[in-house]
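A.B. asks: Below you will find the structure I want to go over with you.
The values are calculated or read from the model by the stated rules, or taken from the named source; none is laboratory data. All values reported here derive from a predicted model rather than from experimental measurement. Methodologically, a virtual Cβ is constructed for each residue, glycine included, from the backbone with ideal geometry; neighbour enumeration extends over all protein chains shown. Ligands, DNA and RNA are stripped out before the accessible areas are found, and what is left, the full protein with its side chains, is counted by its heavy atoms. Shrake-Rupley method; radii C 1.70, N 1.55, O 1.52, S 1.80 Å.
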Amino acid sequence: MDWNFSVVWLFLGILVIAAGGAMVLFYQPICNNMLDGVSSYEKCKKWGLIVMGIGVLIAMNLHTLLLSLFVKVVFQK
């Protein structure tokens, strides 16, 4: 599968990066209201960074390439 640039995936990736950045920036209220509180502050920041990394993959349109490679490896004949 060839890589190609898509403006739609770029903007969706930027939105995912912004959501992950907001999760890292406002981790205390998110953890206090949705998760276990003080014990999960580091977990919340870690997941925010993971979401930002996934957003970078989406913005560069590499997620389809990686998913197709994964499917080929798992379901090869």
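A.B. asks: Distance in nm between label sites at LEU69 and PHE5, each 7 Å beyond Cα in the beta-carbon direction?
C.D. replies: Simple spin-label model gives 2.1 nm for this pair.
A.B. asks: Turning to a different aspect of this structure: Could you size up the charge dipole of the chain around its Cα centre, putting +1 on the beta carbon of Lys and Arg and -1 on that of Asp and Glu, and report it in debye to the nearest 20?
C.D. replies: About 180 debye.
A.B. asks: Now, a different point. Using a 10 angstrom cutoff on alpha carbons, build the Gaussian network for the chain and name the most mobile of MET52, MET60, MET34.
C.D. replies: The residue that fluctuates most here is MET34.
A.B. asks: Now a separate question. Rolling a 1.4 angstrom probe over the protein heavy atoms, how many square angstrom per residue are accessible across the chain?
C.D. replies: 75
A.B. asks: Given an 8 Å cut-off on Cα distances and at least 6 residues of separation, report the relative contact order of the chain as a percent.
C.D. replies: So the answer I get is 45 percent.
A.B. asks: Also, I was wondering about something else. When the convex hull of the C-alpha atoms of the chain is computed, what volume per residue in Å³ does it have?
C.D. replies: 99
A.B. asks: Specify which residue in the list ALA59, MET23, PHE11 is farthest towards the positive end of the charge dipole of the chain, using unit charges on the beta carbon of Lys, Arg (+1) and Asp, Glu (-1), about the Cα centre.
C.D. replies: Positive-end residue among those listed: ALA59.
A.B. asks: Angle between the Cα long axis of helix 7-25 and the longest principal axis of the chain, 0 to 90 degrees, nearest 10?
C.D. replies: 20
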